[in-house]
Amino acid sequence: MLYRRHIFLRTLRAGLGGTGLFVAVLLAGNGLKDAMPLLVAGQMSLPFFFQTLLALLPSVVSYALPLGMLVAILLTFGRMAADGEVLALRAAGVAPFQLAIPVLWLAIAAAFCSLAIDLIHAPRALYAYRQGLRRIVAMDPLRFLRPGHFVQNFPGLILHAGGRDGDEFLAIHIWELRPGGAVAGCIRADGGRLELADGGDSLLLSLRDGSMERMDGGEVAFFRHCTLPLALRHGLPADELRKQLKHMDLFELLAARNGATDDPSLADAGDRRQRRLDYLAANLVLQRHLAMASSIVCLALLAVPLAMRLARTELSLALALVLALGYYFALTAISWLDGSTTLRADLLIWLPNAVLLAVSGLCWHLAARR
């Protein structure tokens, strides 16, 4: 019917626009947080900066797609209700749920698209992004300490080098900071070399001919040689054997989950518990991807009756923000239970979706009565 095509195309256009807007916002918040300081400090080239943003794009889309669809449905049906289109269709004998059919088809298609991104493309792209940051350090670790600049790439430390002679930095000052930002200690050295650690997950600063001073007690210690490990703020990914679960695609998650199943032959209770925790952690990541993809359909079922009832654009946008923040906060809170064998976080992750379905069922019941 014509009204279904009208609703489908109108929601599709609004969904593409809303998703694009949220992609830009999330990309600026998450991608530029790590990449922009490196670019400004001259530690990352401009082409690699844009490659970094492209690598983060799939993981950002997986979060922006539910938000974009939610805003599109609320705006579309809110405007239709405000213009009297919903009332006219109801007077022509169209049931409320029939109005939602084209939106549900669009939400199901978006859910499958989100599922493919979450399980395949986003983990691979995110891991490639982390590997790219690691290659920056591996190719030239010296770029992370620029003479004449105060370097704050390392958490809890501020570094300054007065000059450079080949691979050696001269007149090095290091300030150690407390959590509140106050200076806890200071290290001074005549020279030092910066290199990548053997494991590839941090940098090593080898200092010579210097002193260490604690601000609280005023103690001073002198040294001829000293090695200081430095961890970057954005972190460095380890090798394939230590790949994090969030960087694994569907096949790697299934392999990690199946490989961590309980083995009755293990006599050590600690080994059995660790295997159980590994299984729950892998299953939690997998179930989270599934729950986030299906949340698009759950939010669509809830958004249609709410938008028809509110019939105001500003209220629809505020409601979309509240629903999205509440949903993602619930997912985050449940993820904090990871590590517990009694409270199954991998099953509780579906609780927000169940709440959305229950509330949407109540809203549809009230809409049918009206």
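Coordinate-derived values only; no laboratory data. From a predicted model like this one, the values you see are computed outputs, not experimental measurements. All Cβ positions, even for glycine, are placed from backbone atoms using ideal geometry, and neighbour counts span all protein chains on display.
With each label modelled as a point 7 angstrom along the Cα→C-beta vector, the LEU321-ALA221 pair spans 5.1 nm.
With a cut-off of 9 Å between beta carbons, the residues surrounding GLY191 carry a summed charge of -2, where Lys and Arg count +1 and Asp and Glu -1. Here each label is just a point 7 Å from Cα along the line to Cβ, and for GLN98 and TRP336 those points are 4.8 nm apart. The dipole here belongs to the range 154-230: it is taken about the Cα centre, uses +1 on the Cβ of Lys and Arg and -1 on the Cβ of Asp and Glu, and is about 180 debye.
Distance from the C-alpha centroid of the range 160-199 to that of the range 66-125: 55 Å, rounded to the whole angstrom.
For every other residue with a beta carbon closer than 12 angstrom to the beta carbon of TYR3, add +1 if it is Lys or Arg and -1 if Asp or Glu, then tell me the sum.
Around TYR3, the charge tally is +3.
Spin-label pair LEU277-ALA354: with each label point 7 Å from Cα along the Cα-Cβ axis, the two points sit 2.6 nm from one another.
Neighbours of ASP165 by Cβ distance under 12 Å: Lys/Arg scored +1, Asp/Glu scored -1, total -1.
What does the highest-first list of 354-367, 171-184 look like by mean Cβ count within 10 Å?
Values: 354-367: 15.4, 171-184: 13.6.
So the order, starting with the most tightly packed, is 354-367, 171-184.
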